[in-house]
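Structure first, then comments.
The values are calculated or read from the model by the stated rules, or taken from the named source; none is laboratory data. Everything numeric in this text was worked out from a predicted model, so none of it was measured. All Cβ positions, glycine included, derive from the backbone under ideal geometry; neighbour counts span all protein chains shown. Calculation scope for accessible area: heavy atoms of the full protein, side chains included, ligands and nucleic acids excluded. Shrake-Rupley method; radii C 1.70, N 1.55, O 1.52, S 1.80 Å.
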Amino acid sequence: LIELVLTLILVGMIGAFTGFFLFTGVRGYLTTKETTEGALRAQTALERISKELRYIETMPSAPVANSSITYTSKRLPGQRRISYADGVISISVDGGTEWPLMKDVDTFNLSWTPADLNDDTVDDIAGITISFNTAQVGQMFSTTIYPRGFFAAPP
């Protein structure tokens, strides 16, 4: 009887340690999967934003720092807007429905760099920098877009 009780205790301890190690492995796998998916979504959003802003033709008003940018594109129809509000980066066309590009965004930074690129004494947009951080990934994602054409920086 004593041998049976000791055997049951040892099997129980081995089972507890095995369960703990399995739990740790599964938790690590799920965390890695969620982080990877979040990073992929963030990279996809940055790529879409880059494609949107690469062919800017005009910008009717200066971008609102850390909030939004409104522009027209040489290759895409309508007046377009990329904006950040309530943890969501979204895009809209002609003031219509805002389609989310990235959710669960903690911080969002939008800035632009004026410079006289074509020697006409008028500042042009030299670059637009967008960066954001997500809680899911815990990393800053950033890109600087250099428009393909010259256009005057808004006042």
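Looking across the stretch 131-148 at every residue that is out of contact with any Asp or Glu (no Cβ under 7 Å at 6 or more places or on another chain), part of a loop (DSSP other than H, G, I, E, B) and not basic (K, R), the one that is most open to solvent (accessible area, probe 1.4 Å) is identified as Y146. For the stretch 56-73, residues that are surrounded by fewer than 16 Cβ atoms within 10 Å (Cβ to Cβ) and either touching a Ser or Thr at 6+ places or on another chain (Cβ under 7 Å) or assigned to a strand (DSSP E or B) (or both) total 7. Considering (1) over 20 Å from A39 (Cα atoms); (2) open to solvent by 60 Å² or more (accessible area, probe 1.4 Å); (3) not small (G, A, S), the lone condition that I128 does not fulfil carries the number (2). The set of residues from the stretch 131-151 being farther than 30 Å from T36 by Cβ and without any contact (Cβ under 8 Å) to a residue 60 or more places away in the chain comprises just one member, F150.
Would you please name the residue that is surrounded by the most Cβ atoms within 10 Å (Cβ to Cβ), looking only at residues in the stretch 74-86 that are closer than 17 Å to L110 by Cβ and touching a Ser or Thr at 6+ places or on another chain (Cβ under 7 Å)? The residue in question is I82. Do you know which of the residues in the stretch 88-117 that are in a loop (DSSP other than H, G, I, E, B) and open to solvent by less than 70 Å² (accessible area, probe 1.4 Å) is nearest to T35 (Cα to Cα)? Looking at the filtered set, the residue picked out is G96. What's the total number of residues in the stretch 92-116 that are in contact (Cβ under 8 Å) with a residue 12 or more places away in the chain and over 13 Å from the mean Cα position of the chain (by Cα)? Looking only at that region, the number is 9. If only residues of the stretch 38-52 that are over 14 Å from S90 (Cα atoms) and in contact (Cβ under 8 Å) with a residue 60 or more places away in the chain are counted, the one that is most open to solvent (accessible area, probe 1.4 Å) is Q43. Taking the criterion of being of a type in the set (A, V, I, L, M, F, W, C) and modelled with pLDDT under 85, the residues of the stretch 126-155 that qualify are A135, V137, F150, F151, A152, A153.
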